[in-house]
Amino acid sequence: MMHIFLNAVGASAGAGLTYLYNVVPRLSSLPGVHTTLAVQPQLQAEFKRLMNVTVIDAAVPARATTRFLFEQRELPELIRQSGADVLLSAGNFAVRNSPVPQILLSGNSLYTSADFSRDLRKRREYRMWLDTKIRGYFAKKSVHWADCTVAPSHAFANDLRRWAGKDVLAVHHGFDHEVFFGDQSPLPAEIAGKLSAAADCLRFLFVSHYNYYRNFETLFRAVALVRDRMPQRKVQLFLTCALDDKKTPGSYKTAHAARLIRELGIREQVVELGAVPYRQLHHVYRACDVYVTPAYAETFAHPLVEAMACGLPIVASDLPVHREIAGAAAVFFPPFSAERLAECVLQVAAAEDAHPATSTVKQPDFSWAIHVQKLLGIAMRLGSASQVLELPNSTLANTRSRTAS
C-alpha cells in the first residue's frame, strides 16, 4: 500500500482545479493507493465522496500569506498524523521540513517571467510586483527544499532549471476525453443564447479568467483589426470571464481592459460569457471557429489541448510551451503583436472557408492516466515502496519505463 499526502490548499481556480478534478479521481481508483488530501474548505465536500481518499478537515486560510504559514507550521504535523509515505505538493511551494519525501509540482511561470515583471511595472502595480518577487524567492527555495520537482512541460522545466539551478523533471499534464465530453447537459440559457446569436459571425474564443499575463489587451487590439479588415463579415470574440474586479480571481484590475474595449469601439465584438463549468466547456469550443491565446507566460496551456480535441484551429503566441503542446495544430505570432495576431486569424479563417474541416484536429497524446503513473513511479523511488505497491504488473512496467524516459 502506498499512502500519498496531496497538499492542494493553494488550488482555487483555473489550472489548479483542473488538476485536482482529473488527478484525484484517478488516484482514488488505483488499488494499493490511498490519498490524504488537503484542500480549501469549499472544495472538501467535492472529494469526500471518493473511495480511498481521506480529506483533511482543516480550516485552511484563504489568504496566500497565512496559507503559506499554515503549510509550513501546521501541515507537517498533519502529514505525520496521516501516516503518509510521500508528500505531493501541488501549489508551487514546498513544505520546508517535510517529515516524508516530497515531490513539488511547480506550475507558475510568473516567478520566472521577465515579461510579467515588466508588465507590472508598466501598469504601476508595484505591490503586485513586490509580492511576486517575494513569492518567487520562496518558490525558488521550494525547488531546493523538495526531493524532486516536477514541471508540466519540458519548456517550463528548462526555465526552472536555469532559474533555480537544480534539476527538474517534466511530466506532461493530461487530457481525459471521456471526462471532458461526458457531460451533455445544455449550457445555461444565458450563455447558450449569446453563442447562438453569433451563428453568422467569425467566432473566436479565449478560455481564461482575466489576468495580466494572458495579454488580453493585445487580443482586443487584434479584434479591432480583424473587424476592420473583414467588413463583409461580423466578428465576435468570446471570453470565459467577466471584466469585473469582483468576479476576477486574485487582485487583477479589469478597468484598463474594459476602457480599451470602449476606446477601440469593439464593445459589440467582445462577448463576456462569464465562468463556464469545466464539464460544459466543450459546448463553447464547438460553437466557435478559431481558438486564440495571446498569453506571454504559460506552463502547459490546457485550453490548447481542449481546443484540439474539439477540432478547433489554433492561433497562439509564439512561446516554447505553446509549440511543445500544440505543434503543427497551431499558427504562431509574436506575443505582443496585435498586427500579426490579426493576420494569423484572417489566414486561418480564410483556410477554413476554403476547406471546411471534415474531421477533428489530431490531438497530442496527453493523458492524465500516464501523468499519474509517472508521479507514482517517482513516489515509489522516493518512498522505497515499489515492492508493496499493488498496481497491476503492466501498469508498474509502464510506470517505470515512462518515468525513466
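Since every read-out is calculated from the coordinates, none of them should be taken as a lab result. It should be emphasised that the depicted structure is a prediction, and the values quoted were computed from it without experimental measurement. Quick reminder, even Gly has a Cβ in these numbers, built from the backbone with ideal geometry, and neighbours come from all protein chains shown.
Extending 7 Å from Cα along the Cβ direction at Leu169 and again at Tyr137 yields two label points whose distance is 3.1 nm.
Length, then width, then depth: along the principal axes, the Cα atoms of the chain run 66, 48, 39 Å.
The peptide list 342-349, 321-328, put in order of mean Cβ contacts within 10 Å with the highest first, becomes 342-349, 321-328. For the pair Asp244 and His256 in one chain, pulling the backbone fully straight at 0.36 nm per residue adds 3.2 nm over the alpha carbon distance. Residue separation of Thr65 and Ala369 scaled by 0.36 nm, minus their Cα-Cα distance, works out to 106.1 nm of gained length. Taking the chain as the region of interest, the number of lysine pairs whose Cα atoms are within less than 18 Å, with members eight or more places apart or on different chains, is 6. Full extension of the segment from Glu339 to Arg279, taken as 0.36 nm per residue of separation minus the current Cα-Cα distance, would add 18.2 nm.
Quarter the surface of the alpha carbon convex hull of the range 186-354 and you get the mean projected area, 9.3 square nanometres. The distance between label points at Arg73 and Gln184 comes to 5.3 nm (points 7 Å beyond Cα on the Cα→Cβ vector).
According to the square roots a ≥ b ≥ c of the eigenvalues of the Cα gyration tensor, what is the shape class of the range 82-220, taking rounded for a/c under 1.5, prolate for a/b larger than b/c otherwise, and oblate for the remainder? Can you show the working numbers first?
Working: a/c = 2.54, a/b = 1.45, b/c = 1.75.
Note, shape of the range 82-220 comes out oblate.
Set the Förster distance to 45 Å, then compute FRET efficiency between Gln44 and Arg323 from the Cβ-Cβ distance, nearest 0.05. Before the final figure, lay out the partial values.
Numbers: r = 38 Å, r/R0 = 0.85.
Taking R0 as 45 Å, the efficiency between Gln44 and Arg323 is 0.70.
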